[in-house]
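Everything below concerns the one structure shown next.
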Amino acid sequence: MIYLDYQATTPLAPEARAAMLRWLEGPGEGDGFANPSSTHKGGRAAAAAVEVARDQVAALLPKGGRVFFTSGATEALNWALLRGAEVMPGGVAGLSIEHAASLQCLERLHAIVLPVDSEGVALPPDPALIPENGIVAAMLVNNEVGTIQPVAEYAAAAHAKNSLLLCDAVQGFGRVEMPEGADLIAISAHKIHGPKGIGALWIKDGIDLPPLMFGGAQEQGMRSGTVSPALCAGFGAAAALAAERLDEDAAHVERLWSLARDMLPEWTINGAVDARYHGNLNIRREGVNGLRLMSDARNVAFSLGSACGSGSGKVSHVLRAMGVNEADARASIRLGWGRYTSEQELRDGLIAIKDAARLQGVN
């Protein structure tokens with residue numbers, strides 16, 4: 001299989017896997033299985049590993065905040081919005097192209113919808129749409145079309161109204177520069193070659209967010225439940241590797257972007273070309289049925305949009321928000337690549353996709 005679905009998840013880095021193994025060992029192999037809340041030697045070692053990982057993740061985030069581990073970004077976003085709205089009761093607003101993890105919370109909170117333009121980039125903040133003493137949600141990199149959002153502008157607009165800015169940075173963490181001014185940032189390990197099942201919420205110092213769960217003192221009393229040293233260690237190792245390889249990975253992604261653009265001149269790009277993370281290529285072609293294309297090019301892993309909504313049969317809410325009509329939306333596919341994608345793999349994958357399009361009568 002040629003894997004071109006990096007927005008859905010990324011391959012586990014060997015370094016992350018190696019970091020996890022010690023903390024999965026059982027009796028007779030070591031004491032890595034210990035509970036990090038235990039006070040004996042094994043527990044203290046596990047707790048230390050969690051804190052090392054916390055520091056590694058925090059190194060890619062702004063100064064002046066604290067990382068709290070969660071089961072993933074979905075949990076982090078739900079925590080920030082649903083619990084945050086309890087202490088910031090002035091209302092909620094969010095971009096129309098937010099991930100479903102935020103969007104469904106926003107709908108539940110009857111949030112104001114902040115529009116985007118036809119390029120998939122948020123319009124300049126309108127003070128009339130920004131709540132007073134509330135929360136504004138603005139993602140960093142859109143998961144479906146890869147567009148980079150003006151988070152700093154929205155943070156300034158939120159702060160002018162004494163509101164908080166929540167940033168879903170899942171697709172940008174470890175890939176692009178973190179935005180200035182965010183008060184809450186949600187991230188996920190498996191988008192940066194870490195393990196699934198762990199993410200984090202970064203909370204700026206001075207922000208009084210209620211605890212997510214009760215029942216123990218874990219995560220400084222903010223999220224009860226036994227912490228997994230193995231998952232934390234994998235997340236930390238992946239973050240440290242992303243920091244180390246930031247420039248190298250970015251240069252590789254740019255080379256693959258150029259290759260794909262050269263091989264697909266007939267396809268139309270959905271979303272801005274420049275204000276975009278270039279590891280995401282969302283494209284459409286008149287006459288193409290995206291769902292059938294996936295079936296005909298079955299040796300290539302790509303998607304029609306968000307993995308969370310791929311089985312719904314619904315047209316992408318992101319493309320709808322951009323004004324893309326239904327026919328063009330159904331003719332759209334999303335290709336994603338990154339660190340472990342070779343140029344030859346991408347070339348072979350694109351040839352397979354083009355061959356599958358010809359089966360539909362599209363040359």
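The values are calculated or read from the model by the stated rules, or taken from the named source; none is laboratory data. Owing to the predicted nature of the structure, the values given are computational and were not obtained by experimental measurement. Because the Cβ atoms are built from the backbone with ideal geometry, glycine has one as well, and the counts that use them run over all protein chains shown. Side chains included, ligands, DNA and RNA excluded: accessible areas come from the protein's heavy atoms. Shrake-Rupley method; radii C 1.70, N 1.55, O 1.52, S 1.80 Å.
Report, by residue number, each residue of the stretch 328-355 that is in contact with a Lys or Arg (Cβ under 8 Å, 6 or more places away or on another chain) and under 24 Å from Lys314 (Cα atoms). Scanning the stretch 328-355 gives Asp328, Ala329, Ala331, Ser332, Ile333. Just one of the listed residues (Ala237, Ala242, Ala233) is part of a helix (DSSP H, G or I) and in contact with a Gly (Cβ under 6 Å, 6 or more places away or on another chain), namely Ala242.
For Ala58, the conditions (1) within 26 Å of Thr147 (Cα to Cα); (2) of a type outside the set (S, T, N, Q); (3) buried (at least 22 other Cβ atoms within 10 Å of the Cβ); (4) touching a residue at least 40 places away in the same chain (Cβ under 8 Å) all hold with the exception of (3). Among the residues of the stretch 155-207, not one is within 27 Å of Pro11 (Cα to Cα), free of Cβ contacts under 8 Å to residues at least 24 places away in the same chain and either touching a Gly at 6+ places or on another chain (Cβ under 9 Å) or of a type in the set (Ser, Thr, Tyr) (or both).
Given the residues Ala111, Ala100, Ala122, which is the only one that is in contact (Cβ under 8 Å) with a residue 60 or more places away in the chain and among the small types (Gly, Ala, Ser)? Outline the logic, then answer.
Details: Ala111 fails: in contact (Cβ under 8 Å) with a residue 60 or more places away in the chain; Ala122 fails: in contact (Cβ under 8 Å) with a residue 60 or more places away in the chain.
The conditions single out Ala100.
Can you tell me how many residues in the stretch 65-91 are over 24 Å from Pro229 (Cα atoms) and not basic (Lys, Arg)? Matching residues across the stretch 65-91 total 10. Condition check for Leu291 on (1) part of a loop (DSSP other than H, G, I, E, B); (2) modelled with pLDDT under 95: one failure, at (1).
Filtering the stretch 56-66 to residues that are in contact with a Phe, Trp or Tyr (Cβ under 9 Å, 6 or more places away or on another chain), part of a loop (DSSP other than H, G, I, E, B) and within 19 Å of Ala19 (Cα to Cα) leaves only Leu60.
Among the residues of the stretch 234-282, those identified as within 30 Å of Ala48 (Cα to Cα), among the aliphatic types (A, V, I, L, M) and open to solvent by 10 Å² or more (accessible area, probe 1.4 Å) are Ala237, Ala240, Leu241, Ala243, Leu246. When Arg285, Arg347 are checked against the criterion of being out of contact with any strand residue (DSSP E or B) (no Cβ under 9 Å at 6 or more places or on another chain) and surrounded by 14 or more Cβ atoms within 10 Å (Cβ to Cβ), a single residue qualifies: Arg347. Working carefully through the options Ala76, Ala80, Ala46, Ala53, find the one that is modelled with pLDDT under 95, crowded, with 22+ Cβ neighbours inside 10 Å and part of a helix (DSSP H, G or I). When all the criteria are applied, what remains is Ala46. Applying a threshold of 7 Å to beta carbon distances and a minimum spacing of six or more residues, or different chains, the list of pairs starting in the stretch 260-283 at a residue that is within 17 Å of Gln344 (Cβ to Cβ) and ending at one that is in a strand (DSSP E or B) and modelled with pLDDT of 95 or more reads Ala260/Leu281; Ala260/Leu335; Leu264/Ile283.
Looking at the stretch 83-100 only, could you name the residues that are open to solvent by less than 30 Å² (accessible area, probe 1.4 Å) and either basic (Lys, Arg) or not in a helix (DSSP H, G or I) (or both)?
Taking the stretch 83-100 first, the residues open to solvent by less than 30 Å² (accessible area, probe 1.4 Å) are 84-85, 88, 91-98.
Matches in the stretch 83-100: Met88, Gly91, Val92, Ala93, Gly94, Leu95, Ser96, Ile97, Glu98.
From the list Gly215, Gly206, Gly225, exactly one residue is outside any helix (DSSP H, G or I), modelled with pLDDT of 95 or more and open to solvent by 20 Å² or more (accessible area, probe 1.4 Å). Which is it?
On the way: Gly215 fails: modelled with pLDDT of 95 or more; Gly225 fails: modelled with pLDDT of 95 or more.
Unique residue meeting the criteria: Gly206.
When Ala321, Ala331, Ala352, Ala301 are checked against the criterion of being over 23 Å from the mean Cα position of the chain (by Cα), farther than 16 Å from Ile269 by Cβ and aliphatic (A, V, I, L, M), a single residue qualifies: Ala352. Among the residues of the stretch 313-332 satisfying the criterion of being under 17 Å from His99 (Cβ atoms) and assigned to a loop (DSSP other than H, G, I, E, B), which is most open to solvent (accessible area, probe 1.4 Å)? Step by step, filter the stretch 313-332, then rank; the result is Lys314.
Considered as a group, the residues in the stretch 206-256 that are within 30 Å of Ser163 (Cβ to Cβ) and acidic (Asp, Glu) include one that is nearest to the chain's Cα centre (by Cα), and that residue is Glu219. Return yes when Thr10 is among the β-branched types (Val, Ile, Thr), surrounded by fewer than 17 Cβ atoms within 10 Å (Cβ to Cβ) and at negative phi and no when it is not. For Thr10, the condition - among the β-branched types (Val, Ile, Thr), surrounded by fewer than 17 Cβ atoms within 10 Å (Cβ to Cβ) and at negative phi - is not met.
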